[in-house]
Every structure is written in structure tokens, then in C-alpha cells.
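Here's the structure, in C-alpha cells; my notes come after.
The values are calculated or read from the model by the stated rules, or taken from the named source; none is laboratory data. The structure displayed is predicted, hence computed values, not measured ones. Methodologically, a virtual Cβ is constructed for each residue, glycine included, from the backbone with ideal geometry; neighbour enumeration extends over all protein chains shown.
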Amino acid sequence: MEKRKSVRTYEVTPIAPAAHASIMEYLAAEENLRGPFGGVPGIEWIWAKNGAGEGKGMKLGAYGIIVNPQAYLVGSVRNEKLALLEFGYTFQKLILHATGLGLGTCWIGGTFNRKSFARELELAEGEIIPCITPLGYAREKQRLLDTTMRYVVKADNKKPWKDLFCDSRFGQPLSPEAAGELAVPLEMVRIGPSASNKQPWRLVMSPDRRQVHFYLLHTPNYSGNKLGFQMQRIDIGIAACNFELACRELGIAGAWTMNDPGIEADSPHLEYMLSYTLS
């Protein structure tokens, strides 16, 4: 999780057959795609025009910000609150799997031609394509545009703990020391990707240290919502994925629930989303 960075410029090297096979095997196992509450989004591999090893490859628009992608992973889901959250969780797990195979990725939610991708998928009524990622091997020397994009979205400038994590109630910052064994999972949330690097998650740890409640702090008039869905709900799914995977790595058992604890909000833009309860 710490090593993954958005890659926008790729080598022309084809994706290794073993890496392709690993991802296809991952996609074929439904348990890999199941969200915290049982939802399963659609995710497909689509070869880019110059990346197809066999069969047809598609030239699919990403508005010039992606160079030499060899393939894409394309997600589809119903345009609903829980479905979007679970999509973020599932797609982030997949992206981390691809990263482990040595592939570069980049969450793209706004700057791609949805119609081009929709023609390659069989979308059910009410389904949308919220996000995609290109795939390929990162070019060692990234373009000036890549550096500029990271600057524009402040990708290397993450909010500090005091702005994201609260102790028992909003307005009372949580320190890494007070977080105890959950300090590392919380740090993995902090450094995770989010649309426009808004980091809209706000987490509250319960007084008994047995629960962490995830909230979405909606960005007023957020441009990403003009696409017809609440993009920041996906960010909460990404945060949940990073948190859970870090807990697993540390042997911290727990489960997801959706039961609003009724903590008094300090902003009208806060929305409760889900909670992680330690076993």
C-alpha cells in the first residue's frame, strides 16, 4: 500500500502472460470481488489497442493523460450508496493485487470517455462505469505532465492525523500513540488514494478502542459529482479496504457493520458510512 503510486506513463513492453493470467484468475474467483456487505461489482479486463497479445485491442479515450497503457481494468456497478462504497473496496483490492505483480495502475474516475468503455461492456439498466485503471509497466522517467498532475491534485501532500482521525468524538484528535495497535491501519487509510486527493474520510475511534467508525465528509459542490454519481463514496470504500488489509496483515481480527453510533457531527456535510468492530 505504501509503495503504490499513480502511474500515467507506461513502457511499451507487453504485459507478461503470467501477470495477465494471475489477474484473470483473481477476477474469476467471486470471493475476491465481494465487498464488506456481500456486493459484487462487475470488473473486466480490456486490452488497449497496442497492448493486445491476441484478439482485438481497443483504443479507448482517457483524454491524453495516459500514455502507452497496455490494458485496462474497467468496473461497473449500480449507482447506489452501498454499491459505490463496495466498489471502492473491491477495486482497491484488485489494484493492490496488480501492484504486487509489478504493474503500474492509476485510479481514473473523471478523465475518460465512458461511452468508449460502455460499448465494450454489457451494462445492466441502472449500472454505471464509475472508475477504470490502466495497466502496464511504469516508465522509469515520468513525463512533466505526470509530475504536474501529482502537484495539481496534491498527491504527495496528505492531511495530518489531527485532520482525519478523532478520539471518541469529533473535534478531539486521535494520536498514533492513543490508537495503539490500530495506528498502522489508520496510517494506511491516511496515505490512501482518493478523488482529487480530497481525503474525505473522517474516522472516530470508540472510547473502548474496539470500534472505528467511518464517515464521509462531503466536499460541497464537488465537481466529481457532476458525473451523475457520488464519487466520494468510492473513496470511503478505498479507505475501508486499506484499513482491513492492514488489520489482516497485523493479525487484528474484526468485521464490518453498518450501525450509526449517533456521534454528534461537527459539520452538516458529515455522513456515517460503516464501522469496523474488533473481534
>> Looking only at segment 1-26, how many residues end up being within 21 Å of the chain's Cα centre (by Cα), surrounded by 14 or more Cβ atoms within 10 Å (Cβ to Cβ) and at pLDDT 95 or above?
In response: 5
> Counting only residues that are surrounded by fewer than 21 Cβ atoms within 10 Å (Cβ to Cβ) and over 15 Å from residue 210 (Cα atoms), which one in segment 236-250 is farthest from the chain's Cα centre (by Cα)?
Replying inline: 250
> Regarding residue 252, is this residue at pLDDT 95 or above and either assigned by TED's automatic domain parsing to the domain that holds residue 129 or closer than 17 Å to residue 87 by Cα (or both)?
Replying inline: no
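Taking segment 255-266 on its own, how many of its residues are among the small types (Gly, Ala, Ser) and either surrounded by fewer than 13 Cβ atoms within 10 Å (Cβ to Cβ) or not assigned by TED's automatic domain parsing to the domain that holds residue 235 (or both)? I'd like the intermediate steps shown before the answer.
Initial filter on segment 255-266 (among the small types (Gly, Ala, Ser)): 255, 262, 265.
So of that shortlist, the ones also either surrounded by fewer than 13 Cβ atoms within 10 Å (Cβ to Cβ) or not assigned by TED's automatic domain parsing to the domain that holds residue 235 (or both) come out as 255, 262.
Total meeting the criteria: 2.
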>> Checking the conditions here, which among 65, 95, 46, 108 is at negative phi, at pLDDT below 95, under 17 Å from the mean Cα position of the chain (by Cα) and outside the structural domain of residue 243 (by TED's automatic domain parsing)?
In response: 108
> Which condition number in (1) farther than 23 Å from residue 191 by Cα; (2) part of a loop (DSSP other than H, G, I, E, B); (3) modelled with pLDDT of 95 or more; (4) not hydroxyl-bearing (Ser, Thr, Tyr) is the one that residue 36 fails?
Replying inline: (1)
> Taking the condition acidic (Asp, Glu), closer than 24 Å to residue 220 by Cβ and part of a loop (DSSP other than H, G, I, E, B), does residue 235 pass?
Replying inline: no
> Considering segment 229-279 alone, what residues qualify as being basic (Lys, Arg) and touching a residue at least 24 places away in the same chain (Cβ under 8 Å)?
Replying inline: 233
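For every residue, the table says whether it meets (1) surrounded by 22 or more Cβ atoms within 10 Å (Cβ to Cβ); (2) not charged (D, E, K, R).
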{"position": "195", "(1), (2)": "yes, yes"}
{"position": "200", "(1), (2)": "yes, yes"}
{"position": "208", "(1), (2)": "no, no"}
{"position": "212", "(1), (2)": "yes, yes"}
{"position": "218", "(1), (2)": "no, yes"}
{"position": "226", "(1), (2)": "no, no"}
{"position": "234", "(1), (2)": "yes, yes"}
> If you go through segment 174-193, how many residues are loosely packed, with under 15 Cβ neighbours inside 10 Å and among the β-branched types (Val, Ile, Thr)?
Replying inline: 1
> Which of (1) under 29 Å from residue 199 (Cβ atoms); (2) modelled with pLDDT under 95; (3) buried (at least 18 other Cβ atoms within 10 Å of the Cβ) is the odd one out, the single condition residue 85 does not satisfy?
Replying inline: (2)
